[in-house]
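Accompanying notes for the structure given below.
The values are calculated or read from the model by the stated rules, or taken from the named source; none is laboratory data. Remember, predicted model here, so these are calculated numbers, not experimental data. Please note: Cβ atoms are built from the backbone with ideal geometry, for glycine as well, and neighbour counts cover all protein chains shown.
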Amino acid sequence: MASDYGRDRDRDRDRDLSEKLIKLNRVAKVVKGGRRFSFSALVVVGDGAGSVGYGFGKANDVSEAIRKGMDRAKKSMVRVPVKGHTLPHTVEGRFKSAKVLMKPAAPGTGIIAGGPVRAIMEVGGINDVLCKSLGSANPVNTVKSVFEGFSRLMDAREIARGRGKSVKEMWG
């Protein structure tokens, strides 16, 4: 019975996740009898409270590619330190030639970002942020650069602990 409870709890956790399809691509493989089509899907999922993940799925059917991408996105979820509804500090993420600059913004600013970056911020619950995508416009590399930037973000508690201060002394 205990194992059933664990599965139900996982299902409940999945229910409150929001997902967005960033890119759907049809790929053609030329074979002897003609063209064989398959699909690839880039998907992001998030809980709206600072946890986000991305996944890339490939299959012969659109729905199967999206499902595979969702499963991989759920497995690759990371926790993003959030201060209110924005980022704690400015950060730049780089992956190959894609570069994304992410800055915290005042409450009420909204998500000033385009394409894949906007989708990631929306599902992650980051409502006030300024972003600029520089370099490559490839959605896969852009998403990977955003997540690389998220890995560089520092939590306020970690910074305060490193400086030997309390969070109140740091942030006022």
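A few remarks follow.
- Residue match in the stretch 157-165 (condition: without any contact (Cβ under 8 Å) to a residue 12 or more places away in the chain and in a loop (DSSP other than H, G, I, E, B)): yes
- Across the stretch 121-132, the number of residues qualifying as outside any helix (DSSP H, G or I) and surrounded by 18 or more Cβ atoms within 10 Å (Cβ to Cβ) comes to 6.
- Residue in the stretch 133-147 that is basic (Lys, Arg) and not in a helix (DSSP H, G or I) present: no
- In the stretch 31-73, of all residues being among the polar types (S, T, N, Q) and outside any strand (DSSP E or B), the one that is nearest to SER145 (Cα to Cα) corresponds to SER63.
- Residue within the stretch 85-101 that is part of a loop (DSSP other than H, G, I, E, B), surrounded by 16 or more Cβ atoms within 10 Å (Cβ to Cβ) and under 13 Å from the mean Cα position of the chain (by Cα) present: no
- Every condition in (1) at positive phi; (2) part of a helix (DSSP H, G or I) holds for GLY108 except the one numbered (2).
- Scanning the stretch 36-71 for residues that are surrounded by fewer than 17 Cβ atoms within 10 Å (Cβ to Cβ), touching a strand residue (DSSP E or B) at 6+ places or on another chain (Cβ under 8 Å) and free of Cβ contacts under 8 Å to residues at least 40 places away in the same chain gives ARG36, PHE37, SER38, LYS58, ALA59, ASN60, ASP61, VAL62, GLU64, ARG67, ASP71.
- In the stretch 43-65 there is at least one residue matching the filter, namely being among the aromatic types (Phe, Trp, Tyr) and either touching a Phe, Trp or Tyr at 6+ places or on another chain (Cβ under 8 Å) or not assigned by TED's automatic domain parsing to the domain that holds LYS23 (or both).
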